[in-house]
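First up is the structure itself, then whatever we jot down about it.
The values are calculated or read from the model by the stated rules, or taken from the named source; none is laboratory data. Please read all numbers here as calculations on a predicted model, not as lab measurements. Virtual Cβ from ideal backbone geometry, glycine too; neighbours counted across all protein chains shown.
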Amino acid sequence: MKTNIRIYGYLRASTHEQDVSRAKNELLKFAEGMGLQIACWFEENESGAQLHRPELFRLLNVAMPGDIILVEQVDRISRLNADDWEKLKYLIGHKGLKVVSLDLPTSYQFMSRTDEFTERMLAALNSMMLDMLAAVARKDYEDRRRRQAQGVQKAKQEGKYKGRPINKILHQKIEGLLMEKKSYSQIENLIGCSRHTISKVSKSMKIAQ
């Protein structure tokens, strides 16, 4: 691989810190096994089911043609509806970036030097596989949402529903930044959360005062 090509690790944040650490270690081991290093990490707090992802777009802004987005699983970037997936694919393709995912072996060749013909063939095959896995990821997401909604409805009927658990670590980070008088936009850029989440934390802080 050309030495000027950079590899960016893209992670989805979790309420369980060990999940993020495990994923990061898996990506590190994979890169090291290829004799390569990860230039920078981007950890996303936004849902993988929506296109608005500050960290992913920050990655797209700094990446150069030929650079690689390394993910643990395809669904970290592809759990979108069809229109949003096409938009994201266009943005990645327009920048000349490559996606390498640990659960997509056909993408591994992008980590090695290849001739132009082989690279074009691999790119076509990889694009087809990405589309297929994106469709599977979206269906899996919608199926889980549907089952979750059914479970919530049943719990409400039985008087057992307690609502969605709070991401305490994220909320503590937001509280600290709000206390430092950071603006909503600054907080969004710093930790990649939504304005809605910042607003909720701000309101809860005012109630507690």
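Number of residues in the stretch 73-103 that are within 10 Å of the chain's Cα centre (by Cα) and surrounded by 20 or more Cβ atoms within 10 Å (Cβ to Cβ): the value is 6.
Going through (1) surrounded by 13 or more Cβ atoms within 10 Å (Cβ to Cβ); (2) at pLDDT below 85; (3) not aromatic (F, W, Y) one by one, K160 falls short only on (1).
On inspection, E72 does not qualify as among the charged types (D, E, K, R), under 24 Å from S194 (Cα atoms) and modelled with pLDDT under 90.
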